[in-house]
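The values are calculated or read from the model by the stated rules, or taken from the named source; none is laboratory data. The structure displayed is predicted, hence computed values, not measured ones. All Cβ positions, glycine included, derive from the backbone under ideal geometry; neighbour counts span all protein chains shown. Note: accessible area is taken over every heavy atom of the protein model, side chains too, but ligands, DNA and RNA are not part of it. Shrake-Rupley method; radii C 1.70, N 1.55, O 1.52, S 1.80 Å.
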Amino acid sequence: MFKKSIFTQILTSFITFALVVACSQNKAPNTTTSNNAGNTSTAAIPIGIAVAQTSNVSLLGQEQVIGAKIAETFFNDKGGVNGTPIKLVFQDTAGDEQGAINAFNTLITQDKVVGIVGPTLSQQAFAADPIADRAKVPVLAPSNTAKNIPQIGDYIARVSAPVAVVAPNAVQAALKINPQIKKVAVFFAQNDAFSKSETETFQQTVKDQKLDLVTVQKFQTTDTDFQSQATNAMNLNPDLIIISGLAADGGNLVKQLRELGYKGLIIGGNGLNTSNLLPVCKAQCDGVLIAQAYSPELPDEINTAFREAYKAQNKKEPPQFSAQAFTGVQVFVESLKALDTQTKVNTLPLDQLRTQLNQQILAGTYKTPLGDIAFDPEGEIKQSQFYVAQIKMDADGTNGKFTFLK
Ligand code: 1QQ
């Protein structure tokens, strides 16, 4: 038997090592591979989806998963990125900051995604987005509506319009339904960045409308018992109550206010903007007003396609969080296509691709289920249409839906 000399063995090991290192570093995401039939094909372009698939926050995150998956199928059926498919890589953020940080790190360094749609909460975005920004990985925030999200860094943009422009619409709608409203009680979750930001907007709107802000009650997103705050507020006889929290806590608060006998209008903020709220407050959800950055009824071609795909799968109208997640994936796909027509994206090293993709995202305009959108230089969404929905529950309280006010 032929025996390799020590020198040949060392040389072979060295060459193998050098090749592995060269291939693993800075690899463009869509390398050419061979399939079993021996044909060469181009591997899919990985886009990261970092949303809450577990924890209480999954009441919101589940809708994002659905929207993103519909986008993956929809755009791949249309040829992906000029013939190259995209592939969504999901990393569960769960509901806290550390979960989002872990998901972002894995997507950036291990999955080598070109960009990230996520996370679910602003509270998580303030912790995880700086990591993507430092790594120069573009992030599209699908549901981060607190003040100062795009300002986290050059690589952070959002497809989720800020509370400052969305939330006041709910107050206008409440005043249209009941022009007699004078006394307003406001509740917010003090351990959540979005809720703190949204309540500032609501409280300012109440003042701007010359209404009387009779009390501000605080709670935690982990609370289940709201008796003392609800009683404090009801003692002041408000005729409007505004809640900034998340779905589980917000739903319980609505329920307990009604059980204590509150009869006036209730506005829920964006954290209550999901039909996953309905099993929490059941019949007591009826009448809750929630401002919307999306309407299923928008007649644009892409929304019609998205709406049909969503309805075929889920047998109900698509919610805002699904539409925004779809839009996040869409912006990545269309920006990749635009970039690819200038420079083939599969020839670019990953770091260059991420940087150029970020520039392309900010430069483009997009026809999405949210309507026509674009970004300002900081990454803030430019969007023009907003809506208000009201929850209508069936008499038995098991089924309900969001009806859009005209
Ligand atoms: C935010 C939000 C969440 C309530 C959406 C899921 O708007 O955290 O900014």
* Structure fact -> Partner lysines whose C-alpha sits under 30 Å from that of residue 311, ignoring same-chain residues fewer than 8 away, are 69, 78, 87, 255, 282, 337, 367, 382, 392, 401, 406
* To do: Determine the gain in length on full extension of the stretch residue 216-residue 382; use 0.36 nm per residue of separation and subtract their C-alpha separation, reporting nm with one decimal.
  => 56.6 nm
* Asked: So what is the 222 nm mean residue ellipticity for the chain from helices alone, if each DSSP H run of at least 4 adds -39500 (n - 2.57) and you divide by all residues, rounding to the nearest 500 deg cm²/dmol?
  -> -13000 deg cm²/dmol
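Please report the antiparallel percentage of DSSP beta bridges with both residues in the chain, rounded to the nearest 5.
Values: 19 of 48 bridges.
Antiparallel: roughly 40 percent of the beta bridges in the chain.
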* Asked: Label-point separation (nm) for residue 182 and residue 396, each offset 7 Å from Cα along Cα-to-Cβ?
  -> 4.3
* Could you give P(r) for the chain, binned at 10 Å from zero, as whole percent values over all Cα-Cα pairs? -> 5, 22, 30, 21, 11, 6, 3, 1, 1, 0
* What are the ³J(HN,Hα) values, in whole Hz, obtained from phi via the Karplus relation 6.51 cos²θ - 1.76 cosθ + 1.60 with θ = phi - 60°, for each residue of the stretch 288-298 in sequence order, with x given for Gly and Pro? -> 4, 9, 9, 5, 10, 9, 8, 10, x, 7, 4
* Asked: What residues qualify as long-range amide H neighbours of residue 388, i.e. H under 5 Å apart, gap of 5 or more or another chain, H built at 1.01 Å from N?
  -> 292, 405
* Structure fact -> At 20 °C and 1.002 mPa s, the Stokes-Einstein diffusion coefficient in µm²/s for the stretch 324-370, with hydrodynamic radius from the Kirkwood sum on alpha carbon pairs, is 196
* Sulfur and carbon atoms: percent of accessible area, the chain [1.4 Å] -> 52
* **Å² per residue, accessible surface of the chain at 1.4 Å** => 43
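Quick check on the stretch 37-170: of the DSSP beta bridges with both residues there, what percent are antiparallel, nearest 5%?
10
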